[in-house]
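Accompanying notes for the structure given below.
The values are calculated or read from the model by the stated rules, or taken from the named source; none is laboratory data. Bear in mind the structure is a predicted one, so any value in this text is a computation, not a measurement. Glycine gets a Cβ as well: all are built from the backbone with ideal geometry, and neighbour counts include every protein chain shown.
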Amino acid sequence: MTGLPAATPLLDRAPVASGTPIAAALAHARLPPLHAVFQPIVQADNAEILGYEALIRGPAGSPWASPDALFRLAQGVAATMALEIHAARTALAAWRSLDLPGKLFLNFSPMTLRHLLAERGRLMAALLEAGIAPSRLVIEITEQTPIGDAASFAQAMAVLRELGMQYALDDFGTGHANLDLLAHLSPQFVKIDKSLVRGIASCSRRLEILRALLRVMSAFGGRVIAEGVEDEDELAVIRDLGVAGAQGYYVGRPLLRPAAQAPQHVHQALASRHIAVFPQMVRSGWSGITAGRLLRPAPTVSPATSNDAVLRVFQDQPDLQAVAVVNDEGRPLAIISRQAFIDRYAAPFHRELYGKKACIAMANREPACFDHRASLEEMAQILSGENTRSLADGFVITEQGRYIGLGTGADLIRAITEVRMEAARYANPLTFLPGNIPLNQHIERLIEAASEFRACYVDLNHFKPFNDKYGYWKGDEMLKGAAAILAEACDPARDFLGHVGGDDFLVLYQSSDWAARLQAAIRRFNDAARAMYSPADRNAGGMHGEDRHGRPVFFAPVSMAVGVVCVSGEGVAGLQRLGSQHIGAAAAAAKREAKRSATGMAVLDFLSLAATLSV
């Protein structure tokens, strides 16, 4: 590292073994003046300071101000390690003068850590001999260089424990920070990379990844810190997921002299009883179910097998629905359906004419074939195709192109029906809004957090007559329109909208202006609904139809009714005792009041309503 103006020699007491390339780098290298800044890490459950990460900087306004620029100055391994050691000494010296709470998170590459931890950590101990308690240090393993053999690196890191220090895996989810390394090292902290945290309040996939990592870290007994937290919504999700710590510009920027406490807005955000609204992943239900799970063992026949021999196979096995015709290599050529085969045998003279002939002549030579790993979604495509015979005959299941068994159309239909019903519990297939299970989970979270909220049951008056007269496709358009209007009436970070089923929706409001939002939604929907009628029905102010008993009735246009149950104060405590299942009954009772109201809205208190319902 040469040619740097205003350079200063590295500290003479940097811990390196004499006679090594690093010692030579320390002796000859010159750097611009360095200084350390510290970025706070707060505990997400109480906003107290967990610690500070030390970050190294060059002279402000110079080409070497950023750490990336500084490390580009290092020429070779020895110089890079020398720079890391010098940066650590700079950070430690600054930390001693600040008297800050919590732990100091100090960055090292795996390459430098191997050097410092050799000889039972003699050099690391020398680096830290200036009076900082080892228990207050967390060594962050960065990904500036690959770790190499994880098992030998884990042995080196065990020395840190012997020295009384903890360590963290940095930037988890990118580069060299992977699950294999996590299994070898069992760090006390894992810092989730900002790429997985950014936008987590609106991205269900990132949220599910972080949930999975939390489960993994729980098994290892470590704690998770989320990096790159940029706004209040991200911080709320981090808190509600149970992440231990949060770091990012919203929590605090890196400073020479950071505050000893988290900012007031961080305290307020973490102390708020408003819970975060987790983004919902639309579950198709297909994942996890493969053709192999539908496999039924069944005998096979060769192409030359006589029809009479096939008949004996069916007679010997009454439950057998089909047999596959395979060649000498075990590859499927055709399928013979029991029903079709027996029906042909029932025809006059069929046995006499065809009994001794080869079965391949009358078999279905275009059977549906699926690899045992094929997804349910792939198999379901035969239902929408023209080859309906595949469904009646069944299908062949293979492994590497060779026959291993059969599947039946009935099993396929049953599996598709079950997964679609299960998926509908999580998300409505028409509007893709959360279904009953996510709704109940959100109510449970509201109750557990003792949050005040409004449970709003939304119903569409006279929807069935409209659906009957104008058709299901028109009715579906109206339901999707209602869902869109209700979604716009919600703050996605505060309010949870779900589709219970049919023309029923449930909104769980934490927004203080919920009443204005709902009133605007009712007006918008009612105007949009009238526009969907024919000109004649609009002019008539409604439509003629039949009630449930078949009697002629005149129906007013479809309109929105909202029954609101206010849960606050004692009502929350009551739900904590009684359970969330009573919210649905209370909201349904409020909805009935709303349907009789001229305004389309009825607002009731949970406690008084619960007493009426004998809850």
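Within the set 464, 469, the sole residue that is out of contact with any strand residue (DSSP E or B) (no Cβ under 7 Å at 6 or more places or on another chain), among the basic types (Lys, Arg), at pLDDT below 95 and in the same structural domain as residue 584 (by TED's automatic domain parsing) turns out to be 464.
Only one entry in 450, 484, 455, 520 is over 14 Å from residue 559 (Cβ atoms) and assigned to a strand (DSSP E or B), namely 455.
Yes/no per residue for (1) modelled with pLDDT of 90 or more; (2) small (Gly, Ala, Ser); (3) in contact with a helix residue (DSSP H, G or I) (Cβ under 9 Å, 6 or more places away or on another chain):
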position: 532; (1), (2), (3): yes, no, yes
position: 552; (1), (2), (3): no, no, no
position: 559; (1), (2), (3): yes, yes, yes
position: 567; (1), (2), (3): yes, no, yes
position: 584; (1), (2), (3): no, yes, yes
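Each residue in the range 591-609 was checked for being surrounded by 13 or more Cβ atoms within 10 Å (Cβ to Cβ), out of contact with any Cys (no Cβ under 8 Å at 6 or more places or on another chain), in a helix (DSSP H, G or I) and modelled with pLDDT of 80 or more, and 6 pass.
Residue count for the range 536-568, restricted to those that are among the charged types (D, E, K, R) and part of a strand (DSSP E or B): 1. From the list 157, 165, the one residue that fits, being in the same structural domain as residue 81 (by TED's automatic domain parsing), at pLDDT below 90 and under 26 Å from residue 36 (Cα atoms), is 157. Among the residues of the range 463-484, those identified as surrounded by 18 or more Cβ atoms within 10 Å (Cβ to Cβ) and either among the aliphatic types (A, V, I, L, M) or within 22 Å of residue 589 (Cβ to Cβ) (or both) are 463, 478, 479, 482, 483. Residue pairs whose Cβ atoms lie under 6 Å apart, separated by 6 or more positions or on different chains, with the first residue in the range 265-280 and within 19 Å of residue 491 (Cα to Cα) and the second assigned to a helix (DSSP H, G or I) and small (Gly, Ala, Ser), are 276/236; 279/204; 280/204.
Per-residue answers, yes or no, for (1) within 18 Å of the chain's Cα centre (by Cα); (2) loosely packed, with under 15 Cβ neighbours inside 10 Å; (3) charged (D, E, K, R):
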site: 165; (1), (2), (3): no, no, no
site: 170; (1), (2), (3): no, no, yes
site: 188; (1), (2), (3): no, no, no
site: 204; (1), (2), (3): yes, yes, no
site: 217; (1), (2), (3): yes, no, no
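Every test in (1) in contact (Cβ under 8 Å) with a residue 40 or more places away in the chain; (2) of a type outside the set (S, T, N, Q); (3) part of a helix (DSSP H, G or I); (4) within 21 Å of residue 507 (Cβ to Cβ) is passed by residue 582 save one, and that test is (1). Taking into account only those residues within the range 102-130 that are closer than 15 Å to residue 89 by Cβ and out of contact with any helix residue (DSSP H, G or I) (no Cβ under 7 Å at 6 or more places or on another chain), which is surrounded by the fewest Cβ atoms within 10 Å (Cβ to Cβ)? So, considering only residues that are closer than 15 Å to residue 89 by Cβ and out of contact with any helix residue (DSSP H, G or I) (no Cβ under 7 Å at 6 or more places or on another chain), the one surrounded by the fewest Cβ atoms within 10 Å (Cβ to Cβ) is 129. If we scan the range 489-503, do we find a residue that is touching a Gly at 6+ places or on another chain (Cβ under 7 Å) and buried (at least 19 other Cβ atoms within 10 Å of the Cβ)? Yes, there is a match, as at least one residue in the range 489-503 is touching a Gly at 6+ places or on another chain (Cβ under 7 Å) and buried (at least 19 other Cβ atoms within 10 Å of the Cβ).
Taking residues in the range 102-116 that are more than 30 Å from residue 47 (Cβ to Cβ), and partners anywhere that are acidic (Asp, Glu), the pairs with Cβ atoms closer than 9 Å and at least 6 places apart or on different chains are 109/84; 109/143; 110/143; 111/84; 112/84.
Picking from residues in the range 228-247 that are buried (at least 23 other Cβ atoms within 10 Å of the Cβ) and in contact with a strand residue (DSSP E or B) (Cβ under 7 Å, 6 or more places away or on another chain), the one that is nearest to residue 266 (Cα to Cα) is 235.
Rundown of residues vs (1) within 43 Å of the chain's Cα centre (by Cα); (2) under 25 Å from residue 373 (Cα atoms); (3) modelled with pLDDT under 90, yes/no style:
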| site | (1), (2), (3) |
| --- | --- |
| 296 | yes, yes, no |
| 305 | no, no, no |
| 310 | no, no, no |
| 315 | no, no, no |
| 320 | yes, yes, no |
| 326 | no, yes, no |
| 341 | no, no, no |
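One line per residue, one yes/no per condition, for (1) assigned by TED's automatic domain parsing to the domain that holds residue 442; (2) touching a residue at least 40 places away in the same chain (Cβ under 8 Å); (3) out of contact with any His (no Cβ under 9 Å at 6 or more places or on another chain):
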position	(1), (2), (3)
482	yes, yes, yes
491	yes, no, yes
512	yes, no, yes
535	yes, no, yes
538	yes, no, yes
543	yes, yes, no
555	yes, yes, no
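Among the residues making up the range 38-55, those that are in contact with a helix residue (DSSP H, G or I) (Cβ under 8 Å, 6 or more places away or on another chain), in a loop (DSSP other than H, G, I, E, B) and surrounded by fewer than 20 Cβ atoms within 10 Å (Cβ to Cβ) are 45, 46.
Inspect the range 140-148 for any residue being assigned by TED's automatic domain parsing to the domain that holds residue 241, among the charged types (D, E, K, R) and in a loop (DSSP other than H, G, I, E, B) and give the result as yes or no. Yes: one or more hits. For the range 482-489, does any single residue satisfy the condition of being touching a Leu at 6+ places or on another chain (Cβ under 9 Å) and modelled with pLDDT under 90? Checking the range 482-489: not a single residue is touching a Leu at 6+ places or on another chain (Cβ under 9 Å) and modelled with pLDDT under 90. Total residues in the range 56-110 satisfying the condition of being of a type in the set (A, V, I, L, M), in a loop (DSSP other than H, G, I, E, B) and more than 15 Å from residue 32 (Cβ to Cβ): the figure is 1.
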